[in-house]
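The structure appears below as structure tokens.
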């Protein structure tokens, strides 16, 4: 598949040939319950600011415009052996 | 032919390891029964008490040097191994990381924290604190932590911009608050009876407060708690109470024939400073026939001053002018120990504890042997 043929997977439409419309689309997941009103925070790769992203907003830092965003670290405690 | 007891020179020769230009000779012990006809070398506690002695050369909290004279290599080596691997100390064992946004990975950070040596009240560390055992049932693990087997530590650091920094400042430690996380930032949280044993000067704290743990930049944070447990060096090197515990054999330097004048100065330079001294030949020596000093009165001769400082580099054996004039060796039953403590124990207490440990082990073994033959 060339670069031009590629279609961005779209969970909303459900008729995209690229993802075949299988069980993946059967149960549409609602993300609004998680992380308060569908807003998920990411970290900007350029300016390290916390970027709130909702569904369908472009993946872009509101402050500096960088397109590389990282997931935040888990809020859970992680246990390690000091060895 | 009746047996003649060995001369002093013969006894000396028997317990000296010969060190030659390219070989080492006479390395193994020979004071065992049936080795020398007519001599009884069976092990005897009274003979051992008569001959054994301990000399301390240096006794500082972090470094002790002492000699065990008149014991076998197996005993000396047992002490060395016990000091490294069997004396219990307290060290960070589990790290619970709530947040770590620094560039250093969680695993690496936990490992670094484990290696930091801690100090604390001696009575609490050695008497009050007991072993922690992982419960057989993993679900009971949270019921296995008590004040007598677990020590809680906390480290909460967040790096911020320093508003008061001078314009054009480039030093990160001045530009930011908490740019460097040091061992002194670790906070001890006493639980239960721990405050009775670990307060004031006896508080559990890093031995060296300036150990750098991580570097941060503004917005980065380290927030974690730690559990310390007792352990032994055979489990992990972080539990070893010594940075190094080693021994070497006492060097022997025998000057067989006189070394005089410029040769003597060259000879002294073959050894570390202070091992060989220069003394003028006395009138009495010069007048003695066959001593090799005849007609050399007033010239400088080489004498052995302090063989303990020698490294036995064998440099003097490489030079033609000293051929046949000097013999190098090591005393087989003279062990010079060097014990370097990491700070939780006094360095001499580590050795005493090793002796007690070996004794207890021997007594345990005796009981089992008695049970075995019963």
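Just so you know, all these numbers are worked out from the coordinates, no wet-lab data involved. Remember, predicted model here, so these are calculated numbers, not experimental data. All Cβ positions, glycine included, derive from the backbone under ideal geometry; neighbour counts span all protein chains shown.
Structural remarks
- Computed from the C-alpha gyration tensor, the three semi-axes of the ellipsoid equivalent to segment B:257-305 are 21, 9, 8 Å, from longest to shortest.
- By the count of other C-beta atoms within 10 Å, a proxy for reagent exposure, B:345, B:43 are ordered fewest to most as B:43, B:345.
- Nearest 10 degrees, 0 to 90: helix B:347-373 Cα axis against chain B principal axis: 90 degrees
- With each label modelled as a point 7 angstrom along the Cα→C-beta vector, the residue B:30-residue B:55 pair spans 2.4 nm.
- Stretch gain in nm, segment residue B:305-residue B:140, where the contour uses 0.36 nm per residue and the Cα spacing is subtracted: 52.9 nm
- Added length on full extension, which subtracts the Cα-Cα distance from 0.36 nm per residue, residue B:163 to residue B:291: 37.8 nm
- Contact order, relative form, for segment B:1-95: 13 percent (alpha carbon pairs under 8 Å, 6 or more residues apart, mean separation divided by residue count).
- FRET efficiency for the pair residue B:234 and residue A:39, taken as 1/(1 + (r/R0)^6) with r the Cβ-Cβ distance and R0 = 56 Å, rounds to 0.60.
- Theoretical ellipticity at 222 nm over chain B - DSSP helices of four or more residues, -39500 (n - 2.57) apiece, nearest 500: -6500 deg cm²/dmol
- Here the simple spin-label model places points 7 Å from the Cα toward Cβ, and for residue B:320 and residue B:355 these points are separated by 5.3 nm.
- Segment B:145-208: C-alpha gyration tensor shape, a/c 1.5 cut-off, then a/b vs b/c: prolate
- Approximate spin-label separation residue A:62-residue B:128, in nm, with each point projected 7 Å along Cα-to-Cβ: 5.2 nm
- Rg of the Cα atoms in segment B:89-239, relative to 2.2 N^0.38 Å, amounts to 1.16.
- Degrees between helix B:73-85 axis and first principal axis of chain B (Cα, 0 to 90, nearest 10): 20 degrees
- Computed over chain B: relative contact order in percent, which uses C-alpha pairs under 8 Å that are six or more apart: 25 percent
- On the beta carbon distance between residue B:47 and residue B:12, with R0 = 30 Å, the FRET formula returns roughly 0.95.
- A straight line joining the Cα centroids of segment B:231-302 and segment A:44-77 runs 71 Å.
- Burial ordering of B:316, A:44, fewest other beta-carbon atoms within 10 Å first: A:44, B:316
- FRET efficiency, residue A:73 to residue B:187 (Cβ-Cβ, R0 30 Å, nearest 0.05): 0.85
- Gyration tensor verdict on segment B:19-73 (Cα atoms; rounded if a/c is under 1.5, prolate if a/b is larger than b/c, oblate otherwise): oblate
- Rounded if a/c under 1.5, otherwise prolate or oblate - chain B, Cα gyration tensor axes: oblate
- One Cα centroid belongs to segment B:21-86, the other to segment B:173-197; the line between them spans 45 Å.
- Viscosity 1.567 mPa s, 4 °C: Kirkwood-radius Stokes-Einstein D of the protein assembly as shown over Cα pairs, µm²/s: 44 µm²/s
- Look at B:244, B:89 and count the other Cβ atoms within 10 Å of each Cβ; fewest to most, that gives B:244, B:89.
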